[in-house]
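Undergrad: Would you mind keeping the following structure in view while I ask a few things?
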Amino acid sequence: MELTITSKQRAFLRSLSSKEDTILMVGKGGVTDTIIKQAEDALEARELIKGKVLESSPTAVSDVAVKLAEQTNSIMVQVIGFKFVLYRPNKEKKIIALPRK
């Protein structure tokens, strides 16, 4: 299933993410199964998560965000500096009400 959002929805999610804490840290191990599992669990609970790629990581921030988005079937909302934001709607209970397309 391919998720898509409009630019208006993306801007809305970016504004929400500015208030979110960074809950996912990717270090020198890169994107591991553990990181993917943490992202899955966080997306299930929150729908919107913010992550950070530490300087010790061998992988670029955008590459980490793209790989995690693919692995978790989520949408990469934003990459800025060493941080990234991912979004995936919860199928059972909607937590974030996106603006209409």
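What follows is calculated from the coordinates using simple rules that are stated; it is not laboratory data. All values reported here derive from a predicted model rather than from experimental measurement. Counting neighbours? That spans all protein chains shown, and the Cβs are built from the backbone with ideal geometry, glycine included.
Undergrad: Here's a check for you: in the stretch 9-36, which residue that is of a type in the set (D, E, K, R) and within 13 Å of the chain's Cα centre (by Cα) is nearest to I80 (Cα to Cα)? Break it down into steps so the answer makes sense when it comes.
TA: Filtering the stretch 9-36 down to residues of a type in the set (D, E, K, R) leaves 10, 14, 19-21, 28, 33.
Pick out the ones that are also within 13 Å of the chain's Cα centre (by Cα) and you get 10, 14, 20-21.
Details: R10: 14, R14: 11, E20: 14, D21: 15 Å.
It comes out as R14.
Undergrad: For the stretch 87-101, which positions are part of a loop (DSSP other than H, G, I, E, B) and surrounded by 16 or more Cβ atoms within 10 Å (Cβ to Cβ)?
TA: Across the stretch 87-101, the qualifying residues are R88, P89, L98.
Undergrad: (1) on the phi > 0 side of the Ramachandran plot; (2) in contact with an Asp or Glu (Cβ under 6 Å, 6 or more places away or on another chain): which one isn't true of N90, the others all being true?
TA: Going through (1) on the phi > 0 side of the Ramachandran plot; (2) in contact with an Asp or Glu (Cβ under 6 Å, 6 or more places away or on another chain) one by one, N90 breaks only (1).
Undergrad: Quick check on the stretch 84-101: of everything there that is within 17 Å of the chain's Cα centre (by Cα) and among the charged types (D, E, K, R), which residue is nearest to L24 (Cα to Cα)?
TA: Ranking the candidates gives R88 first.
Undergrad: I would also like to ask the following. Quick check on my filter: what residues within the stretch 51-86 are assigned to a helix (DSSP H, G or I) and surrounded by 15 or more Cβ atoms within 10 Å (Cβ to Cβ)? I'd like the intermediate steps shown before the answer.
TA: First pass over the stretch 51-86, keeping only residues assigned to a helix (DSSP H, G or I): 61-72.
Across the stretch 51-86, the qualifying residues are V61, D63, V64, A65, V66, K67, L68, A69, Q71, T72.
Undergrad: Considering the stretch 66-86 alone, what residues qualify as being touching a residue at least 24 places away in the same chain (Cβ under 8 Å) and under 12 Å from G51 (Cβ atoms)?
TA: K67, L68, T72, S74, V77, Q78, F82, K83, F84, V85, L86
Undergrad: Which residues, counting only those in the stretch 1-32, are among the small types (G, A, S) and not in a loop (DSSP other than H, G, I, E, B)?
TA: If the condition is that a residue be among the small types (G, A, S) and not in a loop (DSSP other than H, G, I, E, B), then S7, A11, S15, S17 are the ones that fit.
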